[in-house]
1. Of these, Thr21, Thr13, Thr55, which one is modelled with pLDDT of 85 or more, closer than 24 Å to Asp136 by Cβ and in a loop (DSSP other than H, G, I, E, B)?
2. I'd like the full set of residues that are more than 16 Å from Gln7 (Cα to Cα) and either modelled with pLDDT under 85 or over 17 Å from the mean Cα position of the chain (by Cα) (or both), limited to the range 26-46.
3. For the range 78-92, check the following and say yes or no: at least one residue is modelled with pLDDT under 90 and either of a type in the set (S, T, N, Q) or on the phi < 0 side of the Ramachandran plot (or both).
4. Residues to consider are Ile22, Ile3, Ile10; find the one that is in contact (Cβ under 8 Å) with a residue 60 or more places away in the chain and surrounded by 13 or more Cβ atoms within 10 Å (Cβ to Cβ).
5. Among (1) exposed (fewer than 15 other Cβ atoms within 10 Å of the Cβ); (2) at pLDDT 85 or above, there is one condition Pro61 misses while meeting the rest; what is its number?
Amino acid sequence: KMIVLNQKAIEMTETILATSTIQAVRAIASDIQQEQQSAEEQYKSWLGEWNETYTNLSDFPEMDGHDMYPTYLGLARATDMAILKAATGNDADRLFIRLMIAHHEGAIQGDGTSSLLQYGKLIEFKNKSLTSYKNDIKRLEDLQKDE
């Protein structure tokens with residue numbers, strides 16, 4: 001589940017990095033992208049060690065309401081992503097900020113499910129990730145105030 005969330009965050013950051021001209025937005029998007037890529041690699045590595053497979057977001061059709069498309073808390077809908085990809089300037093930056101805050105808040109709220117995953121290395125990694133998400137939300141909210 002977290003891999004899918006990581007992949008969506010990476011997709012959002014790639015989209016805004018291709019269009020944003022605001023250095024503060026680009027900086028946080030770049031930081032989030034690096035964090036999410038690192039987390040995705042770590043989860044895949046652990047699943048490999050455990051001989052498990054992982055879900056790749058690109059394996060799902062991008063249609064809102066499709067039964068096979070993952071619907072996790074905070075996961076941006078296909079229509080939101082289409083709007084983000086078509087947006088430019090301040091509209092794109094504002095939408096990215098809104099979607100990424102919702103994305104991270106969804107991951108934090110969804111932690112109730114992952115609280116059952118109390119396995120050694122995963123506990124520390126999960127807690128570090130949640131702290132990072134909270135810090136990112138604060139930075140994103142500060143960008144909203146600066147508008």
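1. The conditions single out Thr21.
2. If the condition is that a residue be more than 16 Å from Gln7 (Cα to Cα) and either modelled with pLDDT under 85 or over 17 Å from the mean Cα position of the chain (by Cα) (or both), then Trp46 is the only one that fits.
3. yes
4. Result of the check over Ile22, Ile3, Ile10: Ile22.
5. (2)
The values are calculated or read from the model by the stated rules, or taken from the named source; none is laboratory data. The structure presented is a predicted model; accordingly, all values stated were derived computationally and were not measured. Methodologically, a virtual Cβ is constructed for each residue, glycine included, from the backbone with ideal geometry; neighbour enumeration extends over all protein chains shown.
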